[in-house]
Amino acid sequence: MADVIEEIPLSSNTYQCPNCGAALKYKPGTISLHCDYCGTDTLIDAKVVEDVQELDFEQYSRDFETLNTQTTKVIGCRKCGAESTFEENLKSTDCPYCGMPLIESDIHEERLIKPSYLLPFKLSDKDINTYLSAWFKGLWFAPNELKKRALCSDRLEGVYVPCWTYDAQTESDYRGERGINYTRTVGSGKNRRTVTETRWSYCSGHVSLFFDDVMVPASKMISSVVMNKIENWDTMNMVEADNRFLSGFITEKYVINMQEGYNTAKSIMESDIDYAIRQDIGGDKQRINSKKTVFSDIKFKLILLPVYISSYTYKDKLYHFFVNGRTGRVSGDRPYSVAKITLAIIAGLILLALFIYFVNQNS
C-alpha cells in the first residue's frame, strides 16, 4: 500500500512527489495527490464549504480588474478553438474536443475571474469504462465497432468545465386576463352539440420570487443541452477552488463571460416568472398582457464541474461523448449502422408477412 505523506508546500503550477520528484496528479475520489511512479499519496487540506459565499454582480460589473481576478496562462487549440488554462505537466496534452495536440507556443495570458468553488472528480478514468459500456449497450442500431473504438480511445480526458451560477430577488407587476371555461349547447336536431367557450376577465397582481443558483455553462464547447443531460451535480460537496484538485486535469477557460451568462440566466428566470404569474392569475386559461420585473440583490459565482470528454472518428466524422465525473451519467453523439437498420426493416416486414399469412390460413 502506498505511503501517505502529509501535505508539503509545492509550486503553483507543478506539484512534485516528495519521494521521487515526479509530477503529482489529483487522485479522483480522494483528497490526495498521487504519484504514478512510486505510488506515494500526498494529502490535500481540502477546505470543505460550509457557507457558500456569493459575489456581488453589480460590483464586479463596475470594478472587474480590481476584484477577485488573476492573470492566467491560457492555451488554445488551433483546430477547434477550445481554450484551457495551462499547467506545466500538461505540455503533451491533446485537445479533448478534437484530438489536436496542444502546442506550447500558443500559450498567452489573460485576466480572468477566479473560480470560487469546484467539485473534485470522484470517478477515475477506469471507472468511466463501466458506465460507457452500459451506455453503449443501450444504443440501438449502433455499428458493432463503435464500442471497441470508443472504449479503446486514448483521448479520454478529465476536464473541469466552468459554470456560472446566479442568485436574484425578483419583483414583478403584471396585467393579464383570466379565462374561465364554460359549456353551452348550440344547434338543433341532429346538429345539436355542446361546445366549450371561455369567458375572459381582466386582472392584475404582483409576484415575488427568489432565484438561487441558476446555473449557466460558461463553455461554448459543451452545450447547455449536454450539461442538462449529465446533470445532478452534488454541489453540497463542493470545496474551495484549489489548484491541487486540478493537477493532471484540463481546466477549460470560461468563454461565456459574466454578463453573457447573466443574460442567459435572466431568460431562465423570466420563464419561471411567467409560469408563476399564470399560477397567480388562476382560472382555466391565462393571458399575460404586460409585466414589469425588477431584479435586485444579484449575486454570482464561478464554479468548476468535472466532466470526462472523449472524441472518436468513425467514417471520417468526429463524434464526442461526455461523462459526469461524479455520477457516471453519459451523453454523446453516435453514428447509426445502415446495415442494422436495413436488416431490422427486412425482419419486420418478414414478421408482418408471416402474421398476415397465418391470419389468412385460420380464417
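Of the strands (runs of 3 or more DSSP E) that lie entirely inside segment 27-80, not one contains 1 or more residues that are under 29 Å from residue 108 (Cα atoms), touching a Cys at 6+ places or on another chain (Cβ under 9 Å) and of a type in the set (D, E, K, R). Do we find a residue being modelled with pLDDT under 80, under 30 Å from the mean Cα position of the chain (by Cα) and closer than 29 Å to residue 102 by Cα anywhere in segment 24-42? Within segment 24-42, not a single residue is modelled with pLDDT under 80, under 30 Å from the mean Cα position of the chain (by Cα) and closer than 29 Å to residue 102 by Cα. Among the residues of segment 246-264, not a single one is among the charged types (D, E, K, R), in a helix (DSSP H, G or I) and in contact (Cβ under 8 Å) with a residue 12 or more places away in the chain.
Yes/no per residue for (1) without any contact (Cβ under 8 Å) to a residue 40 or more places away in the chain; (2) among the acidic types (Asp, Glu):
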position: 167; (1), (2): no, yes
position: 172; (1), (2): no, no
position: 185; (1), (2): yes, no
position: 239; (1), (2): no, no
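Remark: residue 334 falls outside the filter, which requires a residue to be surrounded by 10 or more Cβ atoms within 10 Å (Cβ to Cβ), within 32 Å of the chain's Cα centre (by Cα) and at pLDDT 70 or above. If the condition is being modelled with pLDDT of 95 or more and among the aromatic types (Phe, Trp, Tyr), then segment 247-296 contributes 262, 275, 295.
The values are calculated or read from the model by the stated rules, or taken from the named source; none is laboratory data. In this text the structure is predicted, and so the values were computed from the model without any measurement. Here the Cβ is made from the backbone with ideal geometry for all residues, glycine too, and neighbour counts use every protein chain on show.
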